[in-house]
1. Could you please find all residues in the stretch 180-206 being at pLDDT 95 or above, in contact with a strand residue (DSSP E or B) (Cβ under 9 Å, 6 or more places away or on another chain) and part of a loop (DSSP other than H, G, I, E, B)?
2. Look through the stretch 82-100, keep the residues that are in contact with a helix residue (DSSP H, G or I) (Cβ under 6 Å, 6 or more places away or on another chain) and modelled with pLDDT of 95 or more, and return whichever of them is farthest from residue 174 (Cα to Cα).
3. Name every residue in the stretch 31-81 that is modelled with pLDDT under 95 and closer than 24 Å to residue 193 by Cβ, in order of residue number.
4. Can we say residue 59 is under 23 Å from residue 43 (Cβ atoms), without any contact (Cβ under 8 Å) to a residue 60 or more places away in the chain and in contact with a strand residue (DSSP E or B) (Cβ under 7 Å, 6 or more places away or on another chain)?
5. Looking at (1) surrounded by fewer than 16 Cβ atoms within 10 Å (Cβ to Cβ); (2) in contact with a strand residue (DSSP E or B) (Cβ under 6 Å, 6 or more places away or on another chain), find the lone condition where residue 28 falls short.
6. Just to check your reading of the model, which residue among 164, 123 is farther than 23 Å from residue 5 by Cα, in contact with a strand residue (DSSP E or B) (Cβ under 6 Å, 6 or more places away or on another chain) and surrounded by 19 or more Cβ atoms within 10 Å (Cβ to Cβ)?
7. Within the stretch 253-279, how many residues are in contact with a helix residue (DSSP H, G or I) (Cβ under 9 Å, 6 or more places away or on another chain) and either under 14 Å from residue 228 (Cβ atoms) or surrounded by 13 or more Cβ atoms within 10 Å (Cβ to Cβ) (or both)?
8. Which condition breaks for residue 229 when tested against (1) at pLDDT below 95; (2) within 26 Å of residue 17 (Cβ to Cβ)?
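The values are calculated or read from the model by the stated rules, or taken from the named source; none is laboratory data. Computed from a prediction, not measured in an experiment: that's the story for all the values here. Note that each Cβ is placed from the backbone with ideal geometry, even for glycine, and that neighbours are counted across all protein chains shown.
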C-alpha cells in the first residue's frame, strides 16, 4: 500500500479559457468578488484521464457511444461491462477496482447496483493566484454559416490573457484501507506523470495551460497538513499585467520550514519543475525531477 501524501501543483493558462461555465455563456469560471479564476476538480481529472487513456490505461469514466451514436449513461456502461466480463453484482466492485486506475484513485458513483466508492486521491477546486481579466473575442471563420451565404460565419468566445493557479490534492491511505482498495506506488507515479503530461498534451485554442511546478510530500505514516500551501509566487506588477511565468519568482522557503519542522514524519519531498521557472530556496534534501 502506498503511503499518504499531498500534492501542490502550480500551473498557468495563457490566452485561453481554463474552465468554462456552461451556465454563464461558457465564460471562464471566476470569483465575482476577487476576480480570481476558478477550475473544478473535474476539469483537472479530465486532463489526467485523457492522458491515462492515451497511455493505454483502462479508464471507466469516459465518453462512450452506443451503436446508435448516443452517449451512454453510467448504468448502460456498467451493464455492458458486466455482460462483456460475465460479472455478477457481487463481483462488480472488485473488478472495477482491479481493472480501472481512475476508480482506484478517484472513486466512482455506481448507480446500479448502488455503490459509491470514495476515492482515496482527492483533487480540490483551484483558484488563480492573480485576479484575471476576461475578454470577449470575435472573428471570422473560414466557412460560410450556410449554403448561399456570401459571408463567412462569425465565431465568438471568452478568454483570459493570463492566470496562474495552485491546485491541491491529497492521497489518504486510510481512505483506501477502509474500502479494501490496493493502491500501489506505481498507481501514484502514473497519476503524477499524467497530471504533468496531461496538462501539456491536452492543449487547444480554448485550453492552453502549462504545468510549472509540482510538490509531492510523502509521509512515513498517515498524516496530512491539509493544505500544503507552502509556496509563494511573487511579482512586482499589477495582477492584470501578468502575461508570462517569467514575470514571477517562486519561493519555497515556507515548504523548507515545514519540511524541517515535520522531518520525522516525512519520508521524502519531490519537486517536479519546468525549466522556465525562477525558483528560490530549494532544499538539498528535496528530490528534483525536471520536465
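1. Within the stretch 180-206, 181, 183 qualify.
2. Going through the stretch 82-100, the residues in contact with a helix residue (DSSP H, G or I) (Cβ under 6 Å, 6 or more places away or on another chain) turn out to be 87, 96-97.
Retained after the next criterion (residues that are modelled with pLDDT of 95 or more): 96-97.
Details: 96: 20, 97: 16 Å.
My answer is 96.
3. Filtering the stretch 31-81 down to residues modelled with pLDDT under 95 leaves 61-81.
61, 62, 63 - these are the residues of the stretch 31-81 that are modelled with pLDDT under 95 and closer than 24 Å to residue 193 by Cβ.
4. Values: under 23 Å from residue 43 (Cβ atoms): yes; without any contact (Cβ under 8 Å) to a residue 60 or more places away in the chain: yes; in contact with a strand residue (DSSP E or B) (Cβ under 7 Å, 6 or more places away or on another chain): no.
Taking the combined requirement at face value, the residue does not satisfy it.
5. So residue 28 meets the others, but not (1).
6. Values: 123 fails: farther than 23 Å from residue 5 by Cα.
Exactly one residue qualifies, and that residue is 164.
7. Step one: list which residues in the stretch 253-279 are in contact with a helix residue (DSSP H, G or I) (Cβ under 9 Å, 6 or more places away or on another chain), which gives 266, 269-272, 274, 276-278.
Keeping just the survivors that are either under 14 Å from residue 228 (Cβ atoms) or surrounded by 13 or more Cβ atoms within 10 Å (Cβ to Cβ) (or both) gives 266, 269-272, 274, 277.
Of the residues in that region, 7 qualify.
8. (1)
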